[in-house]
Amino acid sequence: MADVALGKENYVPPPAEVEDVELPHAHSWWTRYVFCQDAKVIAIQYSLTAIAIGLVALVLSWLMRLQLGFPGVFSFIDSSQYLQFITMHGMIMVIYLLTALFLGGFGNYLIPLMLGARDMVFPFVNMLSYWIYLLAVLVLAASFFLPEGPTGAGWTLYPPQAILNGTPGQGGGIILMLASLALFIIGFTMGGLNYVVTVLQGRCRGMTLMRMPLTVWGIFTATVLALLAFPALFVGAVMLLLDRLLGTSFFMPTLISMGEQLKYGGGSPILFQHLFWFFGHPEVYIVALPAFGVVSDLIATHARKNIFGYRMMVWAIVIIGALSFVVLAHHMYVSGMNPYFGYFFATTTLIIAVPTAIKVYNWVLTLWRGNIHLTLPMLFSLAFIVTFVNGGLTGLFLGNVSVDVPLSDTMFVVAHFHMVMGVAPIMVIFGAIYHWYPKITGHMLNETLGKIHFWITFLGAYAIFFPMHYVGLMGIPRRYFDVSDMNFVPPSAHDLNAFITVMALIVGVAQIIFLFNLAWSLRYGKEAGGNPWRATTLEWQTPETPPGHGNWGKELPVVYRWAYDYSVPGAKEDFIPQNVPPAAVRAA
Amino acid sequence: MVFVLLFVAIIAAIIIWWLSRQRLFSKPWLEEGLAGEVPGTGASHLPAAKIGLGVFLAVVGSLFALFLSAYLIRMDTGDWRPLPVPTVLWFNTGLLILSSVALQWAQVNARRGDLEGAQTGLLAAGVLALAFLAGQFVAWRQLDATGYYLASNPANTFFYVLTALHGLHLLGGMVALGRTTVKAWRGVPVAKLRMSIELCTVYWHFLLLIWLIVFGLLLLGADASLANFIEFCTSVIKGAR
């Protein structure tokens, strides 16, 4: 093997010792478990909060589906509530669950451990980030307890209807929603600064960027996207809040409502759409890129093979991140914009398929002739690849203006984005939890329960969303409370809708198995040991499991190789951890 | 759009420059380090706090670029009634420039190890920044007194919102500056203060830059055509003579 090949002119010899940081050690129960500055504890706090509010959103989806599957049967769901359920389900799932769990949860846990750092670079700010996130969640949840309930403006919160009379939650719900979003963004910025600067400056000796596991690449790039894109949502939210509270007219055009001229005038609703999607499209990749990264690591580890085309994978992540800023208007084909704009954005949208396809090929080629272990993380990873390809293909449909226009605002769109940014990332989240739970707790999750959970969730998700594409192609609109007495809807569509609802209920209930498994295994799960998956990355090489505060005991690790030395010919084991020096391998 | 595109271009240039130094074409699967010999990580020699501030400024920049883009787009929708920019803003701009200069002076003194100079600079910067904020408040009161209310026209709304947003950022900076100043007056050794002072200075200069851009655009929005703006500039220059 080649020795370190470095460009001589820009070689900077590393310091003999990495400067050790002084950690704010906990002195009491409060600072150890509650106001804790340890990234691992913050990660768990983030994850539990995200999962808790995500369960609320899951129940909301049940209520929605009950109405769609059996219209008129459940008298406790009225049309305003239905809109409120949609809105809150969408917003919670996209922002408060997926974004928070991937970046706040996995980011906090994995970045310092995978990079051989003791902690994030600004632990106090990191802690503050979680508490502001919690506040945002509480403000959002509080809107359920208002007399007229949360906002029902749809998750995109388009003005003018979002703040007009007649939209449910126009009184307090929309205000709390916008305030909560602003808080979330402030909290996220604090966390995001940590993730980015830790990746830039906190890596241990020998951990060059090109030796980082793809999980870190994914989270890092997603964080950069989020830091640049979330301000757009912040600006939109603040301006909409002013329109609602102080009667300004940023987005509100001249309006006559209920025969009465409103005080608004001259504002541009399209401006909000631009701001929203300047955030909204990168948001898709803020969720997807960490999933891409994590799944790459899971596949390599559980197929005992190095990731195929590591460099391509890194480039693809960066290119996808860059492109995600120039496709925003493909969400606005029906907003009446200049058709030439549409062609431009259709082109950029379809170009994203190239780096994305490269990633899919590389995952498949990593599996090719690998030693595939059908462990739970692997099962979920395979489910991810299949689901992502499915969802991505319908993305090609919708990226084209002429196909999108008739399909816009139908259930087809709902099915598409649930496949590609709902089911697919959730599969990765489950896989990742099954993979890293042993490191977090020291116990394995129960395999049998996990398999039951996997098969119900995976097959169930397909039973829900495949028929939904078909329903959408029939022209059944999304966001409609009741389509039962529309002439063009055939009875078969109603049967499908009922079927989808039943499957949604089953998949939802199956998550109880998962939650039970999480709680049960904490105590009764098999002892995991330090490295149950025989993985190469640094988080599995900690002296203690679960890792203590400071992660590494007395000495920081030193990295000698990339993260994917699996099944290296001539090595005594089928994996070589990143911190094993070459001499130790050869001596064996 | 111009501001967002410009901002995205700047950020993209920085990222590409940074990525180009990260050996993205290396083949990590062939590079096994020798025992005791490891490559540099490519981390910057700058301290983490400075890089953190840099990343934060990118976020703030994004925020303002988006607001200013929205401002320019909204200006064209037809119901824009320019408002007279209060004269006190020129005075305020001077105060903010002086505040930045004072902080720069504190930084120079801190580097030289002169605690007393640093103390004076910090205090002067803080007082000048507070005076700036008070001046902004006066501008609001003047507009309000002459009937230019927040919600009566988008030009007014943007004026209040942009100045408030900038003021809030400055107020946030005042917390950091205040803490540093208190430490300096308590006699904390200047070597320990240097980093805080440098961070404050960078932030102050950045906010000054933002203010100059915002102020320029507010003048533009006050008299909605560029020709008038240029005329205004020349008249100011002539007036100064």
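A few points about this structure:
- Single residue of the range A:334-360 satisfying the filter (closer than 15 Å to A:S324 by Cβ and among the polar types (S, T, N, Q)) that is modelled with the highest pLDDT: A:T356
- Restricting the range B:39-57 to residues that are at the interface with chain A (Cβ under 7 Å from one of its Cβ atoms) and farther than 16 Å from A:G202 by Cβ, the residue that is modelled with the lowest pLDDT is B:P39.
- Unique match (being buried (at least 17 other Cβ atoms within 10 Å of the Cβ), farther than 30 Å from B:G42 by Cα and away from every other protein chain (no Cβ under 14 Å)) among A:P532, A:P547: A:P532
- Residue in the range A:25-59 that is farthest from A:T99 (Cα to Cα), counting only those that are in a loop (DSSP other than H, G, I, E, B) and of a type in the set (G, A, S): A:S28
- Candidates B:V85, B:V108, B:V55: the one that is under 20 Å from B:L208 (Cα atoms) and surrounded by fewer than 16 Cβ atoms within 10 Å (Cβ to Cβ) is B:V108.
- Hey, B:K27 surrounded by fewer than 20 Cβ atoms within 10 Å (Cβ to Cβ), without any contact (Cβ under 8 Å) to a residue 40 or more places away in the chain and not aliphatic (A, V, I, L, M) or not: yes
- Condition met for B:L123 (away from chain A (no Cβ under 14 Å), touching a helix residue (DSSP H, G or I) at 6+ places or on another chain (Cβ under 9 Å) and either under 30 Å from B:V188 (Cα atoms) or at pLDDT below 90 (or both)): yes
- Some residue of the range A:498-509 being part of a helix (DSSP H, G or I) and over 27 Å from the mean Cα position of the chain (by Cα): yes
- All of B:L130, B:L150, B:L96, B:L83 fail the test of being at pLDDT 95 or above, within 29 Å of B:V2 (Cβ to Cβ) and out of contact with any Pro (no Cβ under 9 Å at 6 or more places or on another chain), apart from B:L96.
- Against the criterion of being within 8 Å of another protein chain (Cβ to nearest Cβ) and either on the phi < 0 side of the Ramachandran plot or of a type outside the set (V, I, T) (or both), A:V568 does not qualify.
- Close Cβ contacts (under 7 Å, 6 or more residues apart or on different chains) running from residues in the range A:183-203 that are at the interface with chain B (Cβ under 7 Å from one of its Cβ atoms) and outside any helix (DSSP H, G or I) to residues that are surrounded by fewer than 23 Cβ atoms within 10 Å (Cβ to Cβ) and modelled with pLDDT under 95 comprise A:R203/B:A43.
- Failed item in (1) part of a helix (DSSP H, G or I); (2) facing chain B (nearest Cβ under 10 Å); (3) surrounded by fewer than 24 Cβ atoms within 10 Å (Cβ to Cβ), with A:Y264 passing the rest: (1)
- Odd one out for B:L63 among (1) surrounded by fewer than 20 Cβ atoms within 10 Å (Cβ to Cβ); (2) more than 17 Å from A:V199 (Cβ to Cβ); (3) at the interface with another protein chain (Cβ under 7 Å from one of its Cβ atoms): (1)
- Looking only at residues in the range A:270-283 that are touching a residue at least 60 places away in the same chain (Cβ under 8 Å), more than 11 Å from every other protein chain (Cβ to nearest Cβ) and not acidic (D, E), the one that is nearest to A:M93 (Cα to Cα) is A:G280.
- Qualifying residue in the range A:83-90 (condition: among the small types (G, A, S) and touching a residue at least 60 places away in the same chain (Cβ under 8 Å)): yes
- Here B:L123, B:L168, B:L103 are screened, and the one residue that is within 23 Å of the chain's Cα centre (by Cα), buried (at least 19 other Cβ atoms within 10 Å of the Cβ) and of a type in the set (A, V, I, L, M) is B:L103.
Here is a yes/no grid of residues against (1) assigned to a loop (DSSP other than H, G, I, E, B); (2) surrounded by fewer than 18 Cβ atoms within 10 Å (Cβ to Cβ):
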{"site": "A:V354", "(1), (2)": "no, yes"}
{"site": "A:T366", "(1), (2)": "no, no"}
{"site": "A:G370", "(1), (2)": "yes, no"}
{"site": "A:L396", "(1), (2)": "no, yes"}
{"site": "A:K439", "(1), (2)": "no, no"}
{"site": "A:F454", "(1), (2)": "no, no"}
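- Residue tally, condition in a helix (DSSP H, G or I), in contact with a Leu (Cβ under 7 Å, 6 or more places away or on another chain) and free of Cβ contacts under 8 Å to residues at least 24 places away in the same chain, over the range B:148-164: 2
- Verdict on A:T254 being in a loop (DSSP other than H, G, I, E, B) and either at the interface with chain B (Cβ under 9 Å from one of its Cβ atoms) or crowded, with 24+ Cβ neighbours inside 10 Å (or both): yes
- Taken as a whole, the range A:404-418 holds no residue that is touching a residue at least 24 places away in the same chain (Cβ under 8 Å) and over 23 Å from A:A493 (Cβ atoms).
The values are calculated or read from the model by the stated rules, or taken from the named source; none is laboratory data. Computed from a predicted model, the values in this text were never measured in an experiment. All Cβ positions, even for glycine, are placed from backbone atoms using ideal geometry, and neighbour counts span all protein chains on display.
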